[in-house]
Amino acid sequence: MEFGKLKELCEFEKGSTGLAKAEPGDYPLVTTGAERKSCNTYQFDAKAVCIPLVSSTGHGHASLKNVHYQEGKFALGSILVALTSKDDMRLNIQFLHLYLSQLKDQVLVPLMSGAANVALSVKKVQEIEIPLPTIERQHEIVERFKSIVIEENELKSELTYQQNLLKKLRQQILQEAMEGKLTVDWRSQNPHVEPASELLKRIAAEKSELVKEKKIKAQKPLPPITDDEKPFDLPQGWEWCHIVDLLENKSYALKAGPFGSSLTKAMYSSSGYKVYGQEQVIKQDPHYGDYYITQEKYDDLASCKVAPGDILISLVGTIGKLLILPDQIEKGVINPRLIKINLHKSLIAEYFSKLYSSNIVQRQLKDSASGQTMPVISIKILKSVCFPIPPAKEQRAIVTKVEKLFALCDKLESQITQNQTHAEQLMQAVLKEAFSHNSEAEPAAITKSTVLA
């Protein structure tokens, strides 16, 4: 196969439109981003490959997210360069775009330089050597690649559809678990279990006794849950309740992180006692993150200390996420964006966490959230959320059933992920084949049956 340098094959012209001064108009304005803007004037009337000359990810890191193809009349941002073919019978500019866009990390990014402002030199781009099959072969590769992209998009759409179905399936499992539908057979085989009402009475009696002994403070009771607040009817032996009805009878069983000047990032250190925040809850990883406070600050925040088994809930922005802390954790405290709760020992934490992640509860939180720039939930809001509670023994049966069904969902999800990887590998194989030295090689076909088999 013939090879050629871009300076021999293309005309190079830098963009002349400053993005800050560009006035919107009838012509596309190609920038470094994926989407086109508009401009009232045009610089080019041609088919061109447009390459950004600055890194896509800022200071100190070389990367290019986009290499554009544009044709017709268009304007070009001043930090890009346009390549047009000197001879359309020798170079199909769409073939060049296909080559540079698909192999940008191997061909263009290594040429970028600069300690802070990482940039791409036009002179270096001009020296790039590309494979140059016959013009007929270039046209063929472009057209076949277009058809492959259409097929790949159909595959991605199908795989996304399958993932969405799985999400709905998981929520449907949780919905039926919370309505008692998953354990209908279990209840018929266990008709004499203690109802949830007795469990709640026992928790309330313990709390009342501790109040009398002045070991905890009396809390203002919440109003009874009305029929309008109950989204569905519960099986016999179940009860609707609030989160405060389910907590351990001790101080700080429900505690928000320290607000105001009690804990700010300026007080963090590189070592000491861990600060648990939303990043751990969102990533479902208690070991993630590296914010710490000193011994002195840790001692000041006794009520915000965490322990194995504590349940952390996010309050700001990404609201309603939940994490149960495992047996092995670093000593530390929660930050102001979290709340920690301690369930009563008679309750199954795994049941609570699954119930909490259901649409039943999440919808209540989102509907009650406040905040203009980002959603916020308060302790007051959290206390008002309604929970369906089954008998203690049935909670374990529900967890077992849900985990079994979720395991099947995990297998299906793993298969979808494998299919996505397979599709990407097929695409890379096609590209490798298209740009290989064997110009007569037939590109492999990507089909739904190939990937979804």
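Okay, here's what the table says:
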quantity	calculated
Filter result for the condition that a residue is at pLDDT below 90 and of a type in the set (A, V, I, L, M), over Leu182, Leu155, Leu111	Leu155
Residue list for region 18-30, filter: open to solvent by less than 80 Å² (accessible area, probe 1.4 Å) and modelled with pLDDT under 95	Gly18, Leu19, Ala22
In region 203-214, the residues that are more than 41 Å from the chain's Cα centre (by Cα) and in contact (Cβ under 8 Å) with a residue 12 or more places away in the chain	Glu206, Leu210
All positions within region 320-334 that are more than 16 Å from Ser270 (Cα to Cα) and open to solvent by less than 20 Å² (accessible area, probe 1.4 Å)	Gly320, Leu323, Leu325, Ile334
Every residue from region 351-370 that is over 14 Å from Phe387 (Cα atoms) and either modelled with pLDDT of 85 or more or basic (Lys, Arg) (or both)	Lys366
Subset of region 110-137 (residues that are assigned to a helix (DSSP H, G or I) and in contact with a Ser or Thr (Cβ under 6 Å, 6 or more places away or on another chain))	Arg137
Breaking point among (1) free of Cβ contacts under 8 Å to residues at least 60 places away in the same chain; (2) surrounded by 15 or more Cβ atoms within 10 Å (Cβ to Cβ), for Gly72	(2)
Among (1) open to solvent by 70 Å² or more (accessible area, probe 1.4 Å); (2) under 20 Å from Ala407 (Cα atoms), the one test that Leu174 misses	(1)
Any hit, region 136-150, residues being within 28 Å of the chain's Cα centre (by Cα), over 30 Å from Gln428 (Cα atoms) and surrounded by 12 or more Cβ atoms within 10 Å (Cβ to Cβ)	no
Residue count for region 177-197, restricted to those that are surrounded by 15 or more Cβ atoms within 10 Å (Cβ to Cβ) and either on the phi < 0 side of the Ramachandran plot or basic (Lys, Arg) (or both)	10
Long-range neighbours under 8 Å by Cβ, at least six apart or interchain, first residue under 19 Å from Glu350 (Cβ atoms) and part of a helix (DSSP H, G or I) within region 168-194, second among the β-branched types (Val, Ile, Thr) and open to solvent by 80 Å² or more (accessible area, probe 1.4 Å)	none
Qualifying residue in region 16-26 (condition: within 29 Å of the chain's Cα centre (by Cα) and not in a loop (DSSP other than H, G, I, E, B))	no
Residues located in region 222-242, provided they are touching a strand residue (DSSP E or B) at 6+ places or on another chain (Cβ under 6 Å) and small (Gly, Ala, Ser)	none
Residue in region 38-69 that is surrounded by the fewest Cβ atoms within 10 Å (Cβ to Cβ), counting only those that are of a type in the set (Ser, Thr, Tyr) and part of a strand (DSSP E or B)	Ser38
Any helices (runs of 4 or more DSSP H) falling wholly within region 345-391 and containing at least 2 residues that are under 14 Å from Leu315 (Cα atoms), open to solvent by 10 Å² or more (accessible area, probe 1.4 Å) and touching a strand residue (DSSP E or B) at 6+ places or on another chain (Cβ under 9 Å)	379-384
Only one of Leu315, Leu365, Leu347, Leu355 that is within 15 Å of Gly257 (Cα to Cα) and either touching a residue at least 12 places away in the same chain (Cβ under 8 Å) or in contact with a Ser or Thr (Cβ under 9 Å, 6 or more places away or on another chain) (or both)	Leu315
Which listed residue is over 26 Å from the mean Cα position of the chain (by Cα), open to solvent by 10 Å² or more (accessible area, probe 1.4 Å) and either of a type in the set (D, E, K, R) or at pLDDT 75 or above (or both), from Thr417, Thr400	Thr400
For Asp245: the one exception among (1) open to solvent by less than 30 Å² (accessible area, probe 1.4 Å); (2) out of contact with any strand residue (DSSP E or B) (no Cβ under 7 Å at 6 or more places or on another chain); (3) closer than 30 Å to Gln175 by Cα	(1)
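The values are calculated or read from the model by the stated rules, or taken from the named source; none is laboratory data. In this text, all values refer to a predicted model and were calculated from it rather than measured experimentally. Positions of Cβ are backbone-derived with ideal geometry, glycine not excepted, and every protein chain shown enters the neighbour counts. Quick note on the areas: whole protein, heavy atoms, side chains included, nothing else; ligands and nucleic acids left out. Shrake-Rupley method; radii C 1.70, N 1.55, O 1.52, S 1.80 Å.
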